[in-house]
1. Out of curiosity, is residue 193 over 24 Å from the mean Cα position of the chain (by Cα) and surrounded by 10 or more Cβ atoms within 10 Å (Cβ to Cβ)?
2. Would you check which residues across region 161-172 are more than 21 Å from residue 100 (Cα to Cα) and part of a loop (DSSP other than H, G, I, E, B) and list them?
3. Is it the case that residue 167 is assigned by TED's automatic domain parsing to the domain that holds residue 241, modelled with pLDDT of 80 or more and touching a Phe, Trp or Tyr at 6+ places or on another chain (Cβ under 6 Å)?
4. Which of the residues spanning region 28-52 are within 21 Å of the chain's Cα centre (by Cα), assigned to a helix (DSSP H, G or I) and without any contact (Cβ under 8 Å) to a residue 24 or more places away in the chain?
5. Answer yes or no as to whether residue 68 is surrounded by 12 or more Cβ atoms within 10 Å (Cβ to Cβ), among the hydrophobic types (A, V, I, L, M, F, W, C) and either modelled with pLDDT under 75 or closer than 24 Å to residue 260 by Cβ (or both).
Amino acid sequence: QAVMGVQVVVTLLAASLMQKMAPHCSFARWLLCNGSLYRYKHPSDEELCALAGKHRPKSKRDRKMNGVTEDKPLSVPRDIDLQLDTSPITAVDALVLRYFLEYQWFVDFAVYASAVYVFSEGYFCLVSPARESNLGVLWCLLSVVFSVKVFFTVMRHYFRSEEGGERSVCLTFAFFFLLLAMLALVVREEYLEFGLEAGLAGVARNLEPILKPRGWEWTLPLAKLGFKLGLVALCSFLGALLTFPGLRLAQTHLDALRMAADKPLTQL
């Protein structure tokens, strides 16, 4: 009998590969830096001066001779014909982006979690072990937890910003999903079946023999109410996390479809 199961070995191998291969081979970094995304290069001061029809002294001596003792901001008209050069985004360009490291780690973790989950499902289908738990499900749950953490980090950034538009959107949809979750709990099981009441009744029946001898059976209704309120709070929190990034993603998707209006294959 082996000391460690097959799933534990695969889990440790995946964790080791994720740690060792991240600096050299990253799927998240490839998504951004594979040449499909471009950035615009900032024009130089000489180019701006030439387009604006102004002369900029090149050396300190020329500036002193012209009576300019200190550098002043260069004013450029808005209607100049400026053609910006493009360059493919590289890893060096992506490193300066905010939350890039968090994005890279999470996407790579999701890829390894998917691989471990597929292996675990295949292992259970072929071998059918009786006394082993599916560790692939644990990896999927960790992916969900880390995704919520990333969304919470972004939402915290919205609340710390000086502009209150994002904060207002998050709070509005948090209250909206709060009301929606409360409405879903009020609707009878005959019309909207969640199986929540049956599950809570089963848990109460199992806990009643344990709590009744101690005189704590009065806590069962409070536990049911607390569990429902916790579900409502969780739904409101997740709604606040997902709404504003979802709106941004939808707007980005629409912009991408408009930019590729003459390329049906790219739209697909």
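The values are calculated or read from the model by the stated rules, or taken from the named source; none is laboratory data. From a predicted model like this one, the values you see are computed outputs, not experimental measurements. Neighbour counts run over all protein chains shown; Cβ positions are idealised from the backbone, glycine included.
1. Values: over 24 Å from the mean Cα position of the chain (by Cα): yes; surrounded by 10 or more Cβ atoms within 10 Å (Cβ to Cβ): yes.
Considered against the rule, which asks whether it is over 24 Å from the mean Cα position of the chain (by Cα) and surrounded by 10 or more Cβ atoms within 10 Å (Cβ to Cβ), residue 193 comes out as yes.
2. Pass one, region 161-172, residues more than 21 Å from residue 100 (Cα to Cα): 162-165, 167-172.
162, 163, 164, listed by residue number.
3. Details: assigned by TED's automatic domain parsing to the domain that holds residue 241: yes; modelled with pLDDT of 80 or more: yes; touching a Phe, Trp or Tyr at 6+ places or on another chain (Cβ under 6 Å): yes.
Spelling it out, residue 167 is indeed assigned by TED's automatic domain parsing to the domain that holds residue 241, modelled with pLDDT of 80 or more and touching a Phe, Trp or Tyr at 6+ places or on another chain (Cβ under 6 Å).
4. Matches in region 28-52: 30 only.
5. On the way: surrounded by 12 or more Cβ atoms within 10 Å (Cβ to Cβ): yes; among the hydrophobic types (A, V, I, L, M, F, W, C): yes; either modelled with pLDDT under 75 or closer than 24 Å to residue 260 by Cβ (or both): yes.
Against the criterion (surrounded by 12 or more Cβ atoms within 10 Å (Cβ to Cβ), among the hydrophobic types (A, V, I, L, M, F, W, C) and either modelled with pLDDT under 75 or closer than 24 Å to residue 260 by Cβ (or both)), residue 68 qualifies.
Residues are listed down the side, and each one gets a yes or a no for (1) among the aromatic types (Phe, Trp, Tyr); (2) modelled with pLDDT of 85 or more; (3) out of contact with any His (no Cβ under 8 Å at 6 or more places or on another chain); (4) not assigned by TED's automatic domain parsing to the domain that holds residue 15:
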site	(1), (2), (3), (4)
101	no, yes, yes, no
131	no, no, yes, no
146	yes, yes, yes, no
154	no, no, yes, no
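Residue-by-condition table, conditions (1) buried (at least 17 other Cβ atoms within 10 Å of the Cβ); (2) over 30 Å from residue 23 (Cα atoms); (3) without any contact (Cβ under 8 Å) to a residue 12 or more places away in the chain; (4) not polar (S, T, N, Q):
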residue	(1), (2), (3), (4)
80	no, yes, no, yes
91	no, no, no, yes
102	no, no, no, yes
117	yes, no, no, yes
122	no, no, yes, yes
128	no, yes, yes, no
135	yes, no, no, yes
